[in-house]
Amino acid sequence: MPAHPMPAGQSNDMESRIRVYIVDDQAIIRAALRSFLSARSDMEVIGSSGDPRAALAEIEKLRPDVLLLDITMPGLSGLDLLPMIRKSVPRSKVVMLTHHEGETFVEQALKNGAEGYLSKDSDPAELVLAILAVQRGDPFISPRVASALVGGLRGRTGGRETASCRLGTLTPREREVFQLLALGKSNKEVASALGMRLGTAKKHRENLQRKLECGSAAELARVAIREGLLQT
């Protein structure tokens, strides 16, 4: 039977979709996420698994754009699986989707390479925002999680001397940009929020990464968490 080529518009739409893979040991969660995301025209769930090791093998073959990863799973936790994912599919973005909102879990996830961290109690719209943010290269921490972190980190001083000294070199404007970037805002969103040109926002971001010795937006977010600078 001869193949029937897709209409040009339909092919382009499929190519532009964000390809998502779900790793969660609860079948009902996987089904709910699949149903919700599949209803969107800009996203496609290409697979899911409740077995972390089986998921890793499939992820290596499918190479999704974004991974939704639970933390607590039998046999291998999401935090243990994360470095393996980073090594096997470094281009894939990872959003931790979990009930764990404690500082230790969040810092470990970011340290291991996660670009996003979202509470399972978050509004579904936040999940969409998280996927879109990490896909474009920006970090995302849900306001609920960020609020808990800020509350827990305020007043802590141990181990901050180096980071605090670096933060002291930032101008007031750079601090404003820093806080917005740490919340997952894009350069365009930062420019709009602060009434500056896009090129200026990009330059501020470059200066921040240089001054704070951060190689990525996710590292900027991690510094902001440790210093209690996230605004929610």
**Study point:** For the stretch 78-149, the fraction of alpha-carbon pairs in successive 10 Å shells from zero, as %
**Key:** 22, 56, 22, 0
Review point. Simple spin-label model, 7 Å along Cα-to-Cβ: Lys211 to Arg17 in nm?
Key: 4.3 nm
Exercise for review: For Lys211, go through the lysines and keep the ones whose alpha-carbon is under 27 Å away, minus same-chain ones fewer than eight residues off.
Suggested key: Lys93, Lys111, Lys185, Lys188, Lys202, Lys203
Practice item. Can you bin the stretch 15-150 into rounded, prolate or oblate? Criterion: square roots of the alpha carbon gyration tensor eigenvalues sorted a ≥ b ≥ c, rounded for a/c under 1.5, prolate for a/b above b/c, oblate for the rest. Key: rounded
Exercise for review: Would you mind computing, in nm to one decimal, how far apart the modelled labels at Phe36 and Glu219 are, each placed 7 Å from Cα along Cα→Cβ?
Suggested key: 3.2 nm
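Every number here is computed from the coordinates shown, using simple stated rules; none is lab data. The shown structure was predicted, so the numbers you read here are calculated from the model rather than taken from an experiment. In this analysis, Cβ positions are derived from the backbone assuming ideal geometry, glycine residues included, and neighbour counts consider all displayed protein chains.
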